[in-house]
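This report refers to the structure that appears directly beneath it.
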Amino acid sequence: MTGEPQACSIARSLEIIGDRWTILILRDAFRGIRRFDELRRDLDIARPVLADRLRRLVDHGVLQKVQYQQHPPRSEYRLTPMGVELSPALVALMRWGDKYLSDGAPPTVLVHETCGNALEQGFWCPHCRQTFSPAEIASRPGPGAAVLTDELPTRGPRAHIH
């Protein structure tokens, strides 16, 4: 990191969750795997790497460490509300992998637990009450944006997402 805060929310997010092990730890947390040894076994990850990633996720508020046993002291890692909100991002990565990397045979199918039907993921406008495609997304500077002197186009499929 350069010391200067990134103006792009994607770049700032990747500082916390942007490596393979962290994404896989989050995937396991969503699957209900919460304990250090269970994560280590499931991921076949080195103990120091797992400890580092878990510490980073706890430090940034994505996971919380909760003691489940006093003697000897044992803890598990649970998603915080901040962590739960990463679900759509993980689902999007999974769906992309299913479409382009699984030869038409996804290893896991996500279903609505209540009715058992396969889920779809998409964009929804609460104002218009309609779904839309990525080509219909535009971006514009938000309240946290730095002043840009040379603005790029922000409409259509080549919209810059910050």
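Taken together, the values in this text are just the output of simple stated rules run on the coordinates, not laboratory data. What you see is a predicted model; the values in this text were computed from it and never measured. A quick note on method: Cβ atoms are made from the backbone with ideal geometry, for glycine too, and the neighbour counts reach across all protein chains shown.
Given (1) more than 21 Å from residue 91 (Cβ to Cβ); (2) more than 15 Å from the chain's Cα centre (by Cα), where does residue 58 come up short, assuming only one miss?
Only one criterion in (1) more than 21 Å from residue 91 (Cβ to Cβ); (2) more than 15 Å from the chain's Cα centre (by Cα) is unmet by residue 58, namely (2).
Among the residues of the stretch 3-25, are any within 25 Å of residue 108 (Cα to Cα) and in contact with a strand residue (DSSP E or B) (Cβ under 7 Å, 6 or more places away or on another chain)?
No, every residue in the stretch 3-25 fails to be within 25 Å of residue 108 (Cα to Cα) and in contact with a strand residue (DSSP E or B) (Cβ under 7 Å, 6 or more places away or on another chain).
Answer yes or no as to whether residue 114 is in a loop (DSSP other than H, G, I, E, B), surrounded by fewer than 12 Cβ atoms within 10 Å (Cβ to Cβ) and of a type in the set (Ser, Thr, Tyr).
yes
So the check is Cβ under 7 Å with 6+ separation or different chains; which pairs have a first residue in the stretch 43-69 that's over 18 Å from residue 31 (Cβ atoms) and a second one that's assigned to a helix (DSSP H, G or I) and among the β-branched types (Val, Ile, Thr)?
56/16; 60/16; 65/58
Of a type in the set (Ser, Thr, Tyr) and more than 14 Å from the chain's Cα centre (by Cα): which single residue out of 75, 9, 87, 13 fits that description?
Result of the check over 75, 9, 87, 13: 75.
Look at residue 75 and say whether it is surrounded by 11 or more Cβ atoms within 10 Å (Cβ to Cβ) and farther than 17 Å from residue 24 by Cα.
The answer is yes for residue 75.
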